[in-house]
Amino acid sequence: MNGLHIAGLTIEYSSGDYVVRPIDGLNLSVPPGELVLLLGPSGCGKTTLLSVLAGILKAHSGSVRFNEINVGALKERALTDYRRATVGVVFQAFNLIPSLTAVENVAVPLLAAKVPTSKARARAEALLREVGLADRLTHKPAGLSGGQQQRVAIARALAHDPPLVLADEPTAHLDYIQVEGILRLLRELAAAGRTVIVATHDERLLPLADRIVELAPKGTSKPRPPEHLVVGRGDIIFRQGEAGDLIFIVWRGEVELVRARGDNSELVVDRVGPGRYFGELAPIFGLPRSATAHATTDAVVTGYTPKDFRRQMGSPSMADMIIGADLQPLDHEPTGTGRIGQESS
Amino acid sequence: MWLISIRDLQFRRRRFSIAVAATALVFAMTLLMAGVSASLHNEPRRITDVIGADSWIVAKGTAGPFTAATVVPADAAAAIAAAPGVETADPLVILHSAMREPVDRDVNVIGYRIGGLGAPPLTAGRRPRAPGEVVADSLLGLELGDGLAAGGQQFEVVGIGDGITYYFGTATIFVPLEDAQAMGFSGKPLATTIVTAGRASSPPQGLDALGPAEVRADLERPLASGTQSIDFISVLLWFTAAGIIGSIIYLSALDRTRDFAVLKATGAPNRSLMIGLALQAIVLSVASAALAIVLAQVLAPAFPFSVEIPLRSYVYLFLIAASVGLVASLAGLRRAVGVDPALAFGGA
């Protein structure tokens, strides 16, 4: 079962006093020779996922296997060997060592593995020639362009001829001319039978991929009728981390917004009563829900798409909606008797 | 991984050069302190060797001839010389006086019987043959034939000695016994001690016989607080050097946090990073030590005190410097080991 196999992967970490779960139950299989693009905006967990695949971060749950290696089960020394021999990483900011020449930068992973200096140097020179930098062997990073630095970084990632190559935003600091060369190089890596995972938010890279994995949960932007909910005390209206496409107005009862904290407790973000609204930022910005909404009493709420919500509130400015201005709905509570999950009649 | 450390030293050569210069100055100070301390320890041995006595006869209960103000009759030397085991015995007057001409300066005065024990070694001229003649230490800067006034007596410099000092580098003059008695005892036939070649089986009644080691110990006693202060300053200087090296290595580790993260993320073990940083600290320390030796040689003549740096101090300097470098780099090593490889994934 060669290649990369991710099953039920959940990555969770504390950020300040709350918990973030950028990856929740991810399943993915990538055979050798395939290039997968992890697509999503900043903060959606692309880099975090790469860190787990590189054996640098531990996942909260689930498994990552590469060529039968269970990455999550590796101990410290075995992890170091895995990072060295199995994974090649191309970092977003190149991360070349400024005091070393191009050839020395490429040779570093080999020297760390106690490869004799002459062999390491010969291998580094060969790799740099492969990426088109035969005339830049003795240049230091400061004397190389962004594209050339990225080529050195790719050559370094290939020092041990790893079967898995991870690239984090490989075109982030490059102009369009430099991007062309790097894209061709990445494609060639996969063509050589490697599994290549590229994280990016740059949708221009889509044609590069054999497969695209969108990491950010997306709500639907399609028009839909309002969702009228009659909820009982304790019923959950939406959960933290879910995609969100509706803004809710409370007609009766009270809804509490709570955020999970790092110490397993919950922080009450807001309590919303009749005539007020909640959950507006996720659908407006396409972000996951940043808190869980649950009813603290029997309550009646209606969910609207952002467009319908604006109409319902008398067409306020987007700025007023974002800052949570004291807006009042024009209409009264719609009639209906649906329970949670049921649309109004 | 030594390559990375050496390249980093080259890359940050200005910072490391400043650190080497500062550390070298501190190391040079420790060498000079060691030289001063050695000089203080050498003085008592040297002066007792110059006198060359096998025993020093002093008034009973006297701690030693250099530190006590007790006297013995000079003519006791004849009786002592007649004792079995004693080859010769000569009175010696040991004084501390002020030279008034050609310049005001404190001097040690040793009055000895012409032709007897206590004659000074010379680098120029001759020994006194008659009252009014003196052998002066080169530290006084006098030439043969110069006049010298001390203790109310006028002398002519007929010989020059070298390195004959005691009591924190105070220069010594050697005068005929009669002149010293005139300076210290108003011409009375007294002596501070009777020095002998050969040893009597027991001291004469009412007197004590001290060996050279006891005399040296007596002479070193007043210096103890001085040498302890110097040793304490030396320890402080080692700490200062450690502080300089430690802060430079720590700064280097801070600067290279991203590098360490990348190295870890690409499979470099912690051990390699630690060896690399420790190597930097040792190179820094040893380079500082080498420069310190040169600095110490340059500074020693300008030092207002006798500086005798023992050979072992140079050897110790390299060993201690390397150790200091290693200890000082611990904070940097800790920093390097603690770097999270996930930092490598951060943006620019």
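Numerical summary
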{"quantity": "Single match in A:Ile11, A:Ile69 (criterion: of a type outside the set (Ser, Thr, Tyr), over 29 Å from A:Gln148 (Cβ atoms) and touching a residue at least 24 places away in the same chain (Cβ under 8 Å))", "calculated": "A:Ile11"}
{"quantity": "Scan of the range A:45-69 for residues that are away from chain B (no Cβ under 14 Å) and open to solvent by less than 20 Å² (accessible area, probe 1.4 Å), ordered by number", "calculated": "A:Val64, A:Phe66"}
{"quantity": "Lone qualifier among A:Leu206, A:Leu174 - being farther than 30 Å from A:Thr305 by Cα and in contact (Cβ under 8 Å) with a residue 12 or more places away in the chain", "calculated": "A:Leu174"}
{"quantity": "Count - residues of the range B:275-312 that are surrounded by 21 or more Cβ atoms within 10 Å (Cβ to Cβ) and in a helix (DSSP H, G or I)", "calculated": "10"}
{"quantity": "Verdict on B:Leu219 being among the aliphatic types (A, V, I, L, M), in contact with an Asp or Glu (Cβ under 8 Å, 6 or more places away or on another chain) and either open to solvent by 60 Å² or more (accessible area, probe 1.4 Å) or away from every other protein chain (no Cβ under 14 Å) (or both)", "calculated": "yes"}
{"quantity": "Near pairs, Cβ below 6 angstrom, 6+ apart or cross-chain, from the range A:298-310 (more than 16 Å from A:Asp320 (Cβ to Cβ)) to any residue that is among the small types (Gly, Ala, Ser)", "calculated": "A:Asp298/A:Gly232; A:Asp298/A:Gly253; A:Ala299/A:Gly253"}
{"quantity": "Number of positions in the range B:48-60 that are touching a Ser or Thr at 6+ places or on another chain (Cβ under 8 Å) and surrounded by fewer than 23 Cβ atoms within 10 Å (Cβ to Cβ)", "calculated": "2"}
{"quantity": "Pick from the range B:262-274, criterion more than 8 Å from chain A (Cβ to nearest Cβ) and surrounded by fewer than 24 Cβ atoms within 10 Å (Cβ to Cβ), ranking: farthest from the chain's Cα centre (by Cα)", "calculated": "B:Asn270"}
{"quantity": "Tally, over the range B:105-138, of residues that are under 24 Å from the mean Cα position of the chain (by Cα), in contact (Cβ under 8 Å) with a residue 40 or more places away in the chain and surrounded by fewer than 20 Cβ atoms within 10 Å (Cβ to Cβ)", "calculated": "3"}
{"quantity": "Segments classed as helices (runs of 4 or more DSSP H), wholly inside the range B:1-119, with at least 2 members that are out of contact with any helix residue (DSSP H, G or I) (no Cβ under 7 Å at 6 or more places or on another chain) and under 28 Å from B:Ser306 (Cβ atoms)", "calculated": "B:13-51"}
{"quantity": "Sole exception among (1) away from every other protein chain (no Cβ under 14 Å); (2) modelled with pLDDT under 90; (3) not in a strand (DSSP E or B) for A:Gly25, by number", "calculated": "(3)"}
{"quantity": "Residues (modelled with pLDDT under 90, more than 22 Å from B:Glu143 (Cβ to Cβ) and crowded, with 16+ Cβ neighbours inside 10 Å) located in the range B:82-104", "calculated": "B:Ala83"}
{"quantity": "Some residue of the range A:174-190 being in contact with a helix residue (DSSP H, G or I) (Cβ under 7 Å, 6 or more places away or on another chain), within 14 Å of another protein chain (Cβ to nearest Cβ) and not aliphatic (A, V, I, L, M)", "calculated": "no"}
{"quantity": "Residue list for the range B:75-104, restricted to those being among the aliphatic types (A, V, I, L, M) and more than 26 Å from B:Thr165 (Cβ to Cβ)", "calculated": "B:Ala76, B:Ala77, B:Ala78, B:Ala79, B:Ile80, B:Ala81, B:Ala82, B:Ala83, B:Val86, B:Ala89"}
{"quantity": "Filter pass, B:Ser17 being within 30 Å of A:Leu96 (Cα to Cα) and either without any contact (Cβ under 8 Å) to a residue 24 or more places away in the chain or open to solvent by 10 Å² or more (accessible area, probe 1.4 Å) (or both)", "calculated": "yes"}
{"quantity": "Of the criteria (1) modelled with pLDDT under 85; (2) within 14 Å of chain A (Cβ to nearest Cβ); (3) open to solvent by less than 20 Å² (accessible area, probe 1.4 Å); (4) part of a helix (DSSP H, G or I), which one B:Gly325 fails", "calculated": "(2)"}
{"quantity": "From B:Arg113, B:Arg105, residue being under 18 Å from B:Thr170 (Cα atoms) and basic (Lys, Arg)", "calculated": "B:Arg105"}
{"quantity": "Hits in the range B:45-74 (condition: basic (Lys, Arg) and within 20 Å of B:Gly163 (Cα to Cα))", "calculated": "B:Arg45, B:Arg46"}
{"quantity": "Criterion (touching a helix residue (DSSP H, G or I) at 6+ places or on another chain (Cβ under 7 Å) and at pLDDT below 85) met by exactly one of A:Pro306, A:Pro283, A:Pro288", "calculated": "A:Pro288"}
{"quantity": "Helices (runs of 4 or more DSSP H) contained in the range A:75-171 and holding at least 2 residues within 12 Å of another protein chain (Cβ to nearest Cβ) and buried (at least 24 other Cβ atoms within 10 Å of the Cβ)", "calculated": "A:102-112, A:146-157"}
{"quantity": "Restricting the range A:64-74 to residues that are part of a helix (DSSP H, G or I) and modelled with pLDDT of 90 or more, the residue that is nearest to A:Pro31 (Cα to Cα)", "calculated": "A:Val71"}
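This table checks each residue for (1) over 22 Å from A:Ser15 (Cβ atoms); (2) surrounded by 14 or more Cβ atoms within 10 Å (Cβ to Cβ).
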{"site": "A:Leu257", "(1), (2)": "no, yes"}
{"site": "A:Gly262", "(1), (2)": "no, yes"}
{"site": "A:Val268", "(1), (2)": "no, no"}
{"site": "A:Ala291", "(1), (2)": "no, yes"}
{"site": "A:Met313", "(1), (2)": "yes, yes"}
{"site": "A:Pro329", "(1), (2)": "yes, yes"}
{"site": "A:His332", "(1), (2)": "yes, no"}
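The values are calculated or read from the model by the stated rules, or taken from the named source; none is laboratory data. Small disclaimer: the values here were computed from a predicted structure and weren't measured. All Cβ positions, even for glycine, are placed from backbone atoms using ideal geometry, and neighbour counts span all protein chains on display. Keep in mind that these areas ignore ligands, DNA and RNA; they rest on the heavy atoms of the full protein, side chains included. Shrake-Rupley method; radii C 1.70, N 1.55, O 1.52, S 1.80 Å.
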